[in-house]
Amino acid sequence: MLNLFVFEGSLAGVFRNANQPGAVAYGEDDLVQALESAVDGTEPKIRLIGGYRKRLLDPVEAALRYVDRMVDQIPGAIEISRETFTSDPRVHAFFSSLDDMHDVLSRSSELWDFLEARGYADDGQCCALMCMKRTERAGFGMDISGDQVRRDVPQTTVSFSDHQITAPAVTEEAARLGLKDCIYKSLVTNALDRISACRATSGDIDTQRRSLHSRLRSLEARLRRNQLDVIQRQESEQQMRAIESQIAQLDEGGTHAGCAGPEDWLEQLCAVLSNPESCVRLQNLSLRLNMMGVKLGSSADEVGDEIQLAEIEMGADDNRRVVALVRFPRSAVGPRRDFVLEAGRYLAI
């Protein structure tokens, strides 16, 4: 899933400043704010490197511009309500029922905190980001061709699950800025994951190096005792040469394979921010679905609706989520749920 708000501080103001009428670039203060946020989110010891800000400025600006362009491609907010569940095919596709719609909204603690902090009235409008998992399943069903009903027809059904409501805001513009903030921070989280992974690699290399040195010392002590025959001595010397070769290979390339210190960490962060498209991508999809969620071809006779989707892919592990900006009245949010209490009741059954 998208990694949302994994460290403190919002950069929505940075994107707002860049998108103001007449703005042609990010201000230096904006870039420094985004830069320092990235350092805080990965490894603060990067600040030990002289000139770290200068090296990060261009990668940070590249990442901010990429995120700006990506989010600006996402369609406008979709209204979620009892009325649009029947009138808007996108809302009907996203939720299995009206109860499902209310449940998705009511179980977001972030949304409830936002509503309660602002004392929303029932008719007050709220905007937010909704992320969902899209699933396509192949099977068999019925369709109508002219006057004939055909059975066991290959069909693909499309469903949406694992809904998340985040980044609630008063306006669509503010919600869009929240999404930009979220994606930028996801890039930083990706850099942190890479740093953590190569730190582990460095630890493995150090462990291998210590083990090889221990074996080498053992063989040297064995030779010094002078209790070996000619063949045993030759075998021990051959083993020592092989171990020394392995140690030399680790010394030559092992350190670079991991993240030994601030310089390596800075390089990892620069690499991610300079090439954000390698970590996060947006794909615009167009699907034609009937009321049952069956995917229809362009030549199908059955009545269906065309829906446009924006799907974000994070990383290289097929981690995709449909993202939509949504707008809904306070009255569409069901009662706040106490999941601890519900879990206790379930366990007591």
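A few remarks follow.
- Single residue of ALA63, ALA93 found to be touching a helix residue (DSSP H, G or I) at 6+ places or on another chain (Cβ under 7 Å), surrounded by 14 or more Cβ atoms within 10 Å (Cβ to Cβ), part of a helix (DSSP H, G or I) and touching a residue at least 12 places away in the same chain (Cβ under 8 Å): ALA63
- Boolean, LEU115 is closer than 16 Å to THR171 by Cα, surrounded by 12 or more Cβ atoms within 10 Å (Cβ to Cβ) and modelled with pLDDT of 85 or more: yes
- Screening the candidates VAL60, VAL24 for the property of being at pLDDT 95 or above and not hydroxyl-bearing (Ser, Thr, Tyr) yields one hit, VAL60.
- ARG241 vs. criteria at pLDDT 80 or above, assigned to a helix (DSSP H, G or I), closer than 30 Å to VAL14 by Cα and charged (D, E, K, R): no
- Which listed residue is over 26 Å from MET292 (Cβ atoms) and either out of contact with any strand residue (DSSP E or B) (no Cβ under 9 Å at 6 or more places or on another chain) or not assigned by TED's automatic domain parsing to the domain that holds GLU173 (or both), from LEU111, LEU56: LEU56
- Qualifying residue in the range 1-14 (condition: part of a helix (DSSP H, G or I) and either of a type in the set (D, E, K, R) or modelled with pLDDT of 90 or more (or both)): no
- In the set (1) in contact with a strand residue (DSSP E or B) (Cβ under 8 Å, 6 or more places away or on another chain); (2) in a helix (DSSP H, G or I); (3) small (Gly, Ala, Ser), ALA38 fails one condition alone, (1).
The values are calculated or read from the model by the stated rules, or taken from the named source; none is laboratory data. These numbers come from a predicted model, not from an experiment. Methodologically, a virtual Cβ is constructed for each residue, glycine included, from the backbone with ideal geometry; neighbour enumeration extends over all protein chains shown.
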